[in-house]
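Got a structure for you, questions after.
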Amino acid sequence: MDDLDFDVIVRTWPYLLNGLRYTLQLTLAAALGGTFFGTLLAMARLSSFKPLALVAAGYVNLMRSIPLLLVIFWFYFLMPVIIQSITGAARPVQIGADRSAYITFIMFEAAFFCEIMRAGIQSISKGQVNAAHALGLNYRQTMQLVVLPQAFRNMLPILMTQVIVLFQDVSLVSLLNVTDFVGASVKIAQRDSRVVEMYLFVAVVYFTICFTLSILVKRLQKRIAIIR
Amino acid sequence: MNLSIFLEQVPDGDGPWWHMLASGLGWTLSTAFFAWIMAFTLGSVIGVVRTTEHRMLVRFGNAYVELFRNIPLIVQFFLWYFVVPGLIPAVKAWVITLDPTIHQFVTSIVCLGFFTSSRIAEQVRSGIQSLPRGQRYAAYALGMTQIQAYRYVLLPMAYRIIIPPLTSEVMNLIKNTAVAYSIGLVELFFRTREMGEMTFRYYEAFTAATVIYVVIAMTANRIMALIERRLAVPGYIVGGK
C-alpha cells in the first residue's frame, strides 16, 4: 500500500487526455453515424418489401449475436480489402486500427440503434401514419415529418443510455493497440510499472463520467415524458 | 477460403486446429456457466434487497448496481486481475500459488459474475416491482413472513416475467467472455486470434468463430424459449416475445 505513486497520473496527464479525447471522438462519431444508419436499417426492417426487410434483419441479428471484440477484429482485417475494391487500388489499403475503429463502431452500433428506432417507430400509432397519408404525404414525408421526430423523442432516453454503453465499449479498441483512454493507460501502466494506480484511476474516471451521464439521462427522461 | 486448414496440425502443439478452437469453446462455455451461477445467485439477492423496505440495504443495492454498470468491462478485468492482488497482499499470496490458467479462469468468472450480477439485479428488481402490490399484501395477510412472501409468491412470479431479458443476459454473458482475452484466458476468441496469427488464415479462423458464436446464440435463445414455455403461468403471461 505504501509504495503507491499517484503522481504518475499528473506526469502523464497530457498523454492520457489525448487518449480520452480519442475515446470521446469515437463515441460521438459512432453515436451520430449509428443513429443515422440505424434509423435507415429500422425503416428497412419495417419495409413491406420483404427481401430488404430480411437482409436488414439478418445483418442486425448477426451483429447482435457475435462479440464486439470479434466485430472489431473482422473490420480491422476486412477494411483494407474493402477499400481496395472500392478504389481499385493495386494492393490492400492500410488505414490503421484507429481509423478503422470509426467504421467498425458506426456499423456495429447501427444494429443496436436500429432495434431502438424500430421500437420507436412502432410506438407511433397507426392512426398517425394513416392521417399523414390522408393528407397526401408520401412515405418519405410521413417518416420525416410525422413518424421519426416522435419516435426519436420517445426513444431519446434509451438512445442516450445506449450511448453510455457505447462509450464504455469503445475501450475494447485498446486490444488492437489503439491509444484510446484505456489504451493510453495500459501503455503507461506497463512502461512505468504503475498498474494499480493507472487502472484505479481509469476506473474512477469512467465511473464519474458514466454515472453523471446516467443521472442526466434519468432527468431527461422525466422532462420529456409525454403526458398522454 | 480453404477449410483444410482446420485439419492441419498446430505447430508444437497436440492435435489439429479445429481441436484448438474446440478447446477454446470449452473454456468459453465453462467460464460463462460458472459466471452465470454466480451472477444469478448474487443478482437475485441484490435485486430482492432493492425491493425491501430497509433503507440502508436498498441504498447498498443501488450503489452495487451503479458501480458495476458504470465501469467498462475490460477495465473491470484489469481491476480484478492486476489491482486486487496488487492492493491485497493475502490475495497476491494466494494467486501466485495458482497455475496461471487457473488464475485467469477464476478471475474471469469472478469478474463476469459480478458484472452480470448487477444486470440481473436490475431485472429481478423490475420483475418484482412489476407485480401488483396486492400480491405482497395478500401473502402477508395469509400470515407469511417476508421471506416466505418472497419465496412462495413474489419470486416465482417475478422470475417468470423476466425470462426474456434474462435470455439476453445469458447471450451477453457468453459474448462478454471474449473480453477475457484481455487477461490471456485461452477462450474461443483467444484461440481464433492465435490461429489467425500463426497460420495467416485470418478469414478461415474468424469465419469459424463467427459461426460458432452465432450457433451458441441461437441455441441459448432456443433453450431459454423452451424454459419460458415450460414455466409459463397459465393465463398470466402470453408465451413468446
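The values are calculated or read from the model by the stated rules, or taken from the named source; none is laboratory data. Predicted model only: the values in this text are computed from it and were never measured. Don't worry about glycine lacking a Cβ; one is built from the backbone with ideal geometry, like all the others, and counts go over all protein chains shown.
Considering each of B:3, B:29, B:7 in turn, give the residue that is surrounded by fewer than 18 Cβ atoms within 10 Å (Cβ to Cβ) and free of Cβ contacts under 8 Å to residues at least 24 places away in the same chain.
Sole residue among the options that is surrounded by fewer than 18 Cβ atoms within 10 Å (Cβ to Cβ) and free of Cβ contacts under 8 Å to residues at least 24 places away in the same chain: B:7.
On to the next question. For residues that are over 13 Å from residue B:51 (Cβ atoms) and over 17 Å from the mean Cα position of the chain (by Cα), scanning just region B:148-171, find the one that is surrounded by the most Cβ atoms within 10 Å (Cβ to Cβ).
Across region B:148-171, the extreme among qualifying residues is B:161.
Condition check ((1) in a helix (DSSP H, G or I); (2) at pLDDT below 90; (3) β-branched (Val, Ile, Thr)) across all residues:
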residue: B:178; (1), (2), (3): yes, no, no
residue: B:189; (1), (2), (3): yes, no, no
residue: B:197; (1), (2), (3): yes, yes, no
residue: B:209; (1), (2), (3): yes, no, no
residue: B:216; (1), (2), (3): yes, no, yes
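Okay, residues lined up against (1) within 11 Å of chain A (Cβ to nearest Cβ); (2) closer than 22 Å to residue B:170 by Cβ:
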position: B:56; (1), (2): no, no
position: B:80; (1), (2): yes, yes
position: B:94; (1), (2): no, no
position: B:108; (1), (2): no, yes
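Yes or no, residue by residue, for (1) more than 30 Å from residue B:131 (Cα to Cα); (2) touching an Asp or Glu at 6+ places or on another chain (Cβ under 6 Å); (3) among the hydroxyl-bearing types (Ser, Thr, Tyr):
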| position | (1), (2), (3) |
| --- | --- |
| B:24 | yes, yes, no |
| B:41 | no, no, yes |
| B:56 | no, no, no |
| B:59 | no, no, no |
| B:63 | no, no, no |
| B:69 | no, no, no |
| B:84 | yes, no, no |
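Here's a follow-up. Would you point out which residue out of A:164, A:124 is part of a helix (DSSP H, G or I), crowded, with 16+ Cβ neighbours inside 10 Å and among the aliphatic types (A, V, I, L, M)?
Working: A:124 fails: part of a helix (DSSP H, G or I).
Going through A:164, A:124 in turn, the sole match is A:164.
While we're on this one: With respect to the numbered conditions (1) buried (at least 22 other Cβ atoms within 10 Å of the Cβ); (2) part of a loop (DSSP other than H, G, I, E, B), which one is the sole condition not fulfilled by residue A:92?
Failed condition: (1).
Tell me which residues, restricted to region A:25-70, are away from chain B (no Cβ under 14 Å), of a type in the set (Phe, Trp, Tyr) and assigned to a helix (DSSP H, G or I).
Result: A:36, A:37.
In region B:196-217, which residue that is at the interface with another protein chain (Cβ under 7 Å from one of its Cβ atoms), of a type outside the set (Val, Ile, Thr) and touching a Ser or Thr at 6+ places or on another chain (Cβ under 8 Å) is farthest from residue A:70 (Cα to Cα)? So that I can check it myself, show each step before the final result.
The first filter runs over region B:196-217 and keeps only residues at the interface with another protein chain (Cβ under 7 Å from one of its Cβ atoms), leaving B:202, B:206, B:209-210, B:213-214, B:217.
With the extra rule that they be of a type outside the set (Val, Ile, Thr), the set shrinks to B:202, B:206, B:209, B:213, B:217.
Keeping just the survivors that are touching a Ser or Thr at 6+ places or on another chain (Cβ under 8 Å) gives B:206, B:209, B:213, B:217.
Numbers: B:206: 8, B:209: 8, B:213: 10, B:217: 14 Å.
Per the criteria, the residue is B:217.
Against the condition in a helix (DSSP H, G or I), within 20 Å of the chain's Cα centre (by Cα) and within 17 Å of residue A:9 (Cβ to Cβ), how does residue A:206 come out, does it pass?
Numbers: in a helix (DSSP H, G or I): yes; within 20 Å of the chain's Cα centre (by Cα): yes; within 17 Å of residue A:9 (Cβ to Cβ): yes.
Judged against the criteria, residue A:206 is a match.
Run residue A:60 past the list (1) closer than 15 Å to residue A:107 by Cα; (2) out of contact with any Leu (no Cβ under 8 Å at 6 or more places or on another chain) and report the number of the one that doesn't hold.
Result: residue A:60 passes all but (2).
Still on this structure: Give me the residue from region A:130-156 that is among the aliphatic types (A, V, I, L, M) and not in a helix (DSSP H, G or I) and, out of that set, surrounded by the most Cβ atoms within 10 Å (Cβ to Cβ). Explain how you work it out, then say what you get.
Initial filter on region A:130-156 (among the aliphatic types (A, V, I, L, M)): A:131-132, A:134-135, A:137, A:143, A:145-148, A:151, A:155-156.
Those still in the list that are not in a helix (DSSP H, G or I) too: A:135, A:137.
Details: A:135: 11, A:137: 16.
Selected residue: A:137.
Scan (1) buried (at least 23 other Cβ atoms within 10 Å of the Cβ); (2) modelled with pLDDT under 95; (3) among the aromatic types (Phe, Trp, Tyr) for the single condition residue B:82 breaks and write down its number.
Single failed check for residue B:82: (1).
Please count how many residues of region B:146-176 are more than 14 Å from every other protein chain (Cβ to nearest Cβ) and in a helix (DSSP H, G or I). Can you show your working first?
Looking only at region B:146-176, we keep the residues that are more than 14 Å from every other protein chain (Cβ to nearest Cβ), and these are B:146-163, B:166.
Among the residues that remain, those that are also in a helix (DSSP H, G or I) are: B:146-161, B:163, B:166.
Final tally of qualifying residues: 18.
Which residue pairs have Cβ atoms closer than 6 Å, lie 6 or more positions apart in sequence or on different chains, and pair a first residue in region B:225-241 that is under 18 Å from residue B:127 (Cβ atoms) with a second residue that is assigned to a loop (DSSP other than H, G, I, E, B) and modelled with pLDDT of 65 or more?
Taking only residues 6 or more apart or on different chains, the pairs are B:239/B:232.
Residues of region A:1-23 being in contact (Cβ under 8 Å) with a residue 40 or more places away in the chain and in a helix (DSSP H, G or I), which ones?
The initial filter retains those residues of region A:1-23 that are in contact (Cβ under 8 Å) with a residue 40 or more places away in the chain, namely A:4-6, A:8-9, A:12, A:15-16, A:18-20, A:22-23.
Result: A:8, A:9, A:15, A:16, A:18, A:19, A:20, A:22, A:23.
Of the conditions (1) under 30 Å from residue A:183 (Cα atoms); (2) more than 10 Å from chain A (Cβ to nearest Cβ); (3) of a type in the set (Lys, Arg), residue B:193 clears all except one; give me its number.
(2)
Which of the residues belonging to region A:167-184 are assigned to a helix (DSSP H, G or I) and hydrophobic (A, V, I, L, M, F, W, C)? Break it down stepwise before answering.
Quick first cut of region A:167-184, residues assigned to a helix (DSSP H, G or I) only: A:167-176, A:181-184.
Hits for region A:167-184 are A:167, A:170, A:172, A:173, A:175, A:176, A:181, A:182, A:184.
Which of (1) away from every other protein chain (no Cβ under 14 Å); (2) within 26 Å of residue B:42 (Cβ to Cβ); (3) basic (Lys, Arg) is the odd one out, the single condition residue B:133 does not satisfy?
(2)
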